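Trainee: Below: one structure in C-alpha cells.
The values are calculated or read from the model by the stated rules, or taken from the named source; none is laboratory data. For clarity, every value in this text was computed on a predicted model and none was experimentally measured. Cβ: placed from backbone, ideal geometry, glycine included. Neighbour counts: every protein chain shown. Side chains are part of the model used for accessible areas, which takes the heavy atoms of the whole protein and leaves out ligands, DNA and RNA. Shrake-Rupley method; radii C 1.70, N 1.55, O 1.52, S 1.80 Å.
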Amino acid sequence: MCIFCEIIKGNIPSKKVYEDDKVLAILDISQITKGHTLVLPKKHFDNFLDIDEEYSNAVFNAARKVTKMINNAYKPLGFNIINNCGETAGQSVMHFHVHVVPRYNKEDLVMQHADNSNKFDLDSIVKDIKG
Ligand code: AMP
Ligand code: ZN
C-alpha cells in the first residue's frame, strides 16, 4: 500500500492546498516550517528516476504555483524546493513528491554537506556523466 496513493484516492485524509487533473498538493503532516507543502503526481511513480516527462512537468509547474500561493499568504524570505530520491537521500515515502519549504530564517532548515571540492577532477566527472 502506498500512503500517497491512498491520500489521492481519498481513503486517507489530507489538507489540500492545490489540485489539478494530474497533481495534488497537500500540507506535510510534519511541518518543517509554516506552509510546508508536498506536491504529488496523481499517478504513482516511485521517484525522480521513474517519473515520466508529462507528470514531471505537471508536478514542477504546480510546485511553482504553490510556491507563489505560499509566498502571497506568508511572505517568507525564501524557499527550498526539495526532492529526496532514494532511501539514502532521505526518501521515506516511495511515491515521487516535491517538498516546497518556505524559509523564514537561516536556522529553520539546516542542510549539511561534506566539502569534497578538492578531491575530484571535474573534467573526468563531466566525461563520466556525459558518457
Ligand atoms: P520524504 O522523506 O522526502 O519521502 O518525505 C515524505 C514526507 O511525507 C515527510 O515529510 C512526512 O512528514 C510526510 N508525510 C508522511 N505521511 C503523511 C501524511 N499522511 N500526510 C501528509 N504528509 C505525510
Ligand atoms: Zn503511490
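Trainee: Looking at I82, I51 in this structure, which one is within 16 Å of ligand 1 (Cβ to nearest atom), farther than 20 Å from I32 by Cβ and among the hydrophobic types (A, V, I, L, M, F, W, C)?
Mentor: Among I82, I51, only I51 is within 16 Å of ligand 1 (Cβ to nearest atom), farther than 20 Å from I32 by Cβ and among the hydrophobic types (A, V, I, L, M, F, W, C).
Trainee: Inside the stretch 24-36, can you point out the residues that are more than 8 Å from ligand 1 (Cβ to nearest atom) and either out of contact with any Phe, Trp or Tyr (no Cβ under 8 Å at 6 or more places or on another chain) or open to solvent by 70 Å² or more (accessible area, probe 1.4 Å) (or both)?
Mentor: Of everything in the stretch 24-36, those that are more than 8 Å from ligand 1 (Cβ to nearest atom) and either out of contact with any Phe, Trp or Tyr (no Cβ under 8 Å at 6 or more places or on another chain) or open to solvent by 70 Å² or more (accessible area, probe 1.4 Å) (or both) turn out to be Q31, K34.
Trainee: Could I ask something else about it? Return the residues of the stretch 4-23 that are within 11 Å of ligand 2 (Cβ to nearest atom) and either of a type in the set (D, E, K, R) or assigned to a strand (DSSP E or B) (or both); say none if nothing qualifies.
Mentor: E6, K9
Trainee: Okay, next question. Name the single residue that is most open to solvent (accessible area, probe 1.4 Å) among those in the stretch 54-94 being farther than 17 Å from E19 by Cα and touching a residue at least 40 places away in the same chain (Cβ under 8 Å).
Mentor: By that ranking, first place goes to Y74.
Trainee: Check the stretch 82-99 and report whether any residue there is touching a helix residue (DSSP H, G or I) at 6+ places or on another chain (Cβ under 7 Å) and of a type in the set (A, V, I, L, M).
Mentor: Yes, that holds for at least one residue.
Trainee: Right, here's the next one. Assess whether H113 counts as being in a loop (DSSP other than H, G, I, E, B), open to solvent by less than 90 Å² (accessible area, probe 1.4 Å) and of a type outside the set (V, I, T).
Mentor: In short, no.
Trainee: Turning to a different aspect of this structure: Is it the case, given these coordinates, that K43 is at pLDDT 95 or above, assigned to a loop (DSSP other than H, G, I, E, B), among the charged types (D, E, K, R) and buried (at least 16 other Cβ atoms within 10 Å of the Cβ)?
Mentor: Spelling it out, K43 is indeed at pLDDT 95 or above, assigned to a loop (DSSP other than H, G, I, E, B), among the charged types (D, E, K, R) and buried (at least 16 other Cβ atoms within 10 Å of the Cβ).
Results for (1) farther than 27 Å from D108 by Cβ; (2) near ligand 1 (Cβ under 9 Å from one of its atoms), shown as yes or no for each residue.
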site: I7; (1), (2): no, yes
site: Y18; (1), (2): no, no
site: L38; (1), (2): no, yes
site: K42; (1), (2): yes, no
site: N57; (1), (2): yes, no
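Trainee: Another one. Across the stretch 56-103, what is the total count of residues that are polar (S, T, N, Q) and farther than 19 Å from S30 by Cβ?
Mentor: Of the residues in the stretch 56-103, 7 are polar (S, T, N, Q) and farther than 19 Å from S30 by Cβ.
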